[in-house]
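Presented below is the structure to which this report refers.
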Amino acid sequence: MNNIDENFKFEENRSNLKISFERISFIFFIFFIITIIFTSKTIYLGFKKTNQNQNVKEKEKYRASIMDRNGNIISKTVRVTNLGINPNQLINKDKLLISLKLIFPDKNFEKEINEKKFFYVKKKISPEKLEKIKLLGEKSFKEEENIARVYPNGNLFSHILGQIDTDNNGVSGIEKSYDYELTTSNKPLKLSLDTEIQYLIRQELLKFQEIFNSYGSAAILMNVNNGEIFSMVSLPDFDLNKREDISDKKFINRSTSGVYELGSVFKTFTLAAGFQQNVIREDTLFENLPKKIKCAGRSISEYDMEIPPSLTAEEILIRSGNIGSVKIAQKVGIENFRKFLEDLDLINKIQFDIEEVGTPIPFKWGKCKLATSAYGHGITTTPLQLAKAYAIISNGGYKIKPTLIKQENNQKRGEQIIKEENSNKINVILRKIVTAKQGTANLANIAGYEIAGKTGTAQKSIKGKYSKKKINTFAAIFPISSPKYVLVVLLDEPKLSETYIYKYNDGKERKIVGTPFNTAGWTSVEVAKNIIEKIGPILAIKY
């Protein structure tokens, strides 16, 4: 009986054990399936999050393209490959150095290979050179995919476009002032600039910078009716693709940041103020003008001692008389003259599409300051402000806002601050400065363009003292019968050329070898004339 009971008990235990094992196996299987599902889901989500982070990172790096007015790309974000190397993984350093020298003949990597744990052989490497590197079969090379900002035209728009930092943030120029728009939109930013015209103007400035051995130069071409800037050049410039350090003052944007005394180009504003205040007419005669006057013990002299003692208001501007300009300003009065210059935005800092804008040096008005300001001495402004003021003078007297951004609709002109009849009077006189024998800009009298304008020759102030170095400027308007463009050309410290050949364009076969005088009439005017001859046909066809 006991044996039977023991056997029965044994069988019962085996049965319970079997049931428990099956249950455990089933539970384990379910747990295993859940684990796989959970793990897969975790990996998927992690991968998705990584991709999202990568996409966000790339989106943060991306900057929209910048185009000129004709749709040409002048700044673009592209995918690039950076090629690095880990020298510790090299098998044969000498062999690799020889191979690299063949691919990059202007570089020597011996120091980096011997001293560094990692370095970049070439950032933004071209596909052709990358293929040659791959054929070497060297496993120590590391490829790094990235995106970069490229500027197809190199130096051409350097001062306008500006630079970005290593984190892809704009630090100067359009890249800075339109940083938000460029990083939050895929829509290209269209500028008012014309690449072809910009190139031609820069080429002429480069040519004449060598001829006149200038320290620097600048040129601005602007539509007088809506303020659109077709070209803005400043030399020396720099290659935006190299991200060079441009802290040297010689690299400033002379067109917008340079603050200069510009001399006789201010005499146009003096005459215009006289017309506007109804204190003079074109034929108002100033008799027995002295060659020299004194103010607060300081002398003011005529720059040309051959100038006649009696001149009309018109002749004072045509012959660029200093004393006559002083007499006109005295008729206008301090307050009226100050307000007129302020209305033209000449003596205060102006707002612009880039931050690199200079501030004219402030001063206290008085009788002597009125006298010297009348002929552009002791008063400063920027070439950008000068271009704006001449645009207002010539367009019928309407205020405009200079801009680097293409206007989709015609930008409305602002307040009329000069009567149209007075604007027309000034335009006629500016034309005579080019066509009349006594004018200071005869070299600009080229057939078919109806160029008008005013020259300005000023001594350069260095550390508060006037030097023999000069700033030579010419502000041109064309075609003057229906003003459309203002071109300002500035030469910073030009020198005389002994070999340059001047050719008059008045129908006579006249040539002059060598620069006779270091004045705007013989330097800046000659540059402006050559620029207009190059760009005139393009402007006529395109615009």
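Given the conditions (1) touching a strand residue (DSSP E or B) at 6+ places or on another chain (Cβ under 8 Å); (2) surrounded by 15 or more Cβ atoms within 10 Å (Cβ to Cβ), and given that R79 satisfies all but one, which numbered condition is not satisfied?
Tallying (1) touching a strand residue (DSSP E or B) at 6+ places or on another chain (Cβ under 8 Å); (2) surrounded by 15 or more Cβ atoms within 10 Å (Cβ to Cβ), R79 fails exactly one: (2).
Please go through region 121-180 and give me each residue that is among the small types (G, A, S), surrounded by 15 or more Cβ atoms within 10 Å (Cβ to Cβ) and under 29 Å from L97 (Cβ atoms), ordered by number.
Matches in region 121-180: S140, A148.
When you go through (1) buried (at least 24 other Cβ atoms within 10 Å of the Cβ); (2) out of contact with any helix residue (DSSP H, G or I) (no Cβ under 6 Å at 6 or more places or on another chain) one by one for S231, which number turns out not to apply?
It fails just one condition, (2).
Out of D345, D353, report the one residue that is touching a residue at least 12 places away in the same chain (Cβ under 8 Å), crowded, with 20+ Cβ neighbours inside 10 Å and either part of a loop (DSSP other than H, G, I, E, B) or within 32 Å of the chain's Cα centre (by Cα) (or both).
D345
Is region 183-202 home to any residue that is surrounded by fewer than 21 Cβ atoms within 10 Å (Cβ to Cβ), modelled with pLDDT under 95, more than 30 Å from S497 (Cα to Cα) and touching a strand residue (DSSP E or B) at 6+ places or on another chain (Cβ under 9 Å)?
Scanning region 183-202 turns up at least one residue that is surrounded by fewer than 21 Cβ atoms within 10 Å (Cβ to Cβ), modelled with pLDDT under 95, more than 30 Å from S497 (Cα to Cα) and touching a strand residue (DSSP E or B) at 6+ places or on another chain (Cβ under 9 Å).
Condition first: within 16 Å of E533 (Cβ to Cβ) and assigned to a loop (DSSP other than H, G, I, E, B). Now tell me which residues in region 473-498 satisfy that.
P479
Restricting attention to region 326-342, which residues are in contact (Cβ under 8 Å) with a residue 60 or more places away in the chain and over 18 Å from A391 (Cα atoms)?
Across region 326-342, the qualifying residues are V332, N336, F337.
Please go through region 357-396 and give me each residue that is surrounded by fewer than 19 Cβ atoms within 10 Å (Cβ to Cβ) and not hydroxyl-bearing (S, T, Y), ordered by number.
V357, I361, P362, F363, K364, W365, G366, K367, C368, G378
Go over the candidates K107, K123 one by one and state the one that is touching a residue at least 12 places away in the same chain (Cβ under 8 Å) and charged (D, E, K, R).
K123
With the requirement that a residue be under 18 Å from V80 (Cβ atoms) and part of a helix (DSSP H, G or I), what does region 102-154 give you?
Within region 102-154, I103, P127, E128, K129, L130, E131, K132, I133, K134 qualify.
Select the helices (runs of 4 or more DSSP H) contained entirely in region 162-216, then report the ones holding at least 2 residues which are touching a helix residue (DSSP H, G or I) at 6+ places or on another chain (Cβ under 6 Å).
173-177, 195-211
Go through region 397-411 and give me each residue that's surrounded by fewer than 20 Cβ atoms within 10 Å (Cβ to Cβ), of a type outside the set (K, R) and under 16 Å from D343 (Cα atoms).
Correct list: Y398 only.
Could you list, in sequence order, all residues of region 263-309 that are in a loop (DSSP other than H, G, I, E, B) and free of Cβ contacts under 8 Å to residues at least 24 places away in the same chain?
Correct list: N278, E287, N288, G297, E302, D304, M305, E306, I307, P308, P309.
Restricting attention to region 453-471, does a residue exist that is under 18 Å from G439 (Cβ atoms), touching a Lys or Arg at 6+ places or on another chain (Cβ under 9 Å) and surrounded by fewer than 19 Cβ atoms within 10 Å (Cβ to Cβ)?
No, the conditions are met nowhere in region 453-471.
In region 71-101, which residues are of a type in the set (S, T, N, Q) and out of contact with any helix residue (DSSP H, G or I) (no Cβ under 7 Å at 6 or more places or on another chain)?
Passing the criteria: T77, N82, N86, N88, Q89, N92, S99.
Pull up region 485-543, narrow it to residues that are within 19 Å of E261 (Cα to Cα) and of a type in the set (D, E), then point me to the one that is farthest from the chain's Cα centre (by Cα).
Taking the candidates together, the pick is E493.
With respect to the numbered conditions (1) more than 17 Å from Q351 (Cα to Cα); (2) touching a residue at least 12 places away in the same chain (Cβ under 8 Å); (3) in contact with a strand residue (DSSP E or B) (Cβ under 9 Å, 6 or more places away or on another chain); (4) part of a loop (DSSP other than H, G, I, E, B), which one is the sole condition not fulfilled by W365?
(3)
Just checking, which of K412, K388 is touching a residue at least 24 places away in the same chain (Cβ under 8 Å) and out of contact with any helix residue (DSSP H, G or I) (no Cβ under 6 Å at 6 or more places or on another chain)?
Exactly one residue qualifies, and that residue is K388.
The values are calculated or read from the model by the stated rules, or taken from the named source; none is laboratory data. For clarity, every value in this text was computed on a predicted model and none was experimentally measured. Cβ atoms come from the backbone with ideal geometry, glycine included; neighbour counts cover every protein chain shown.
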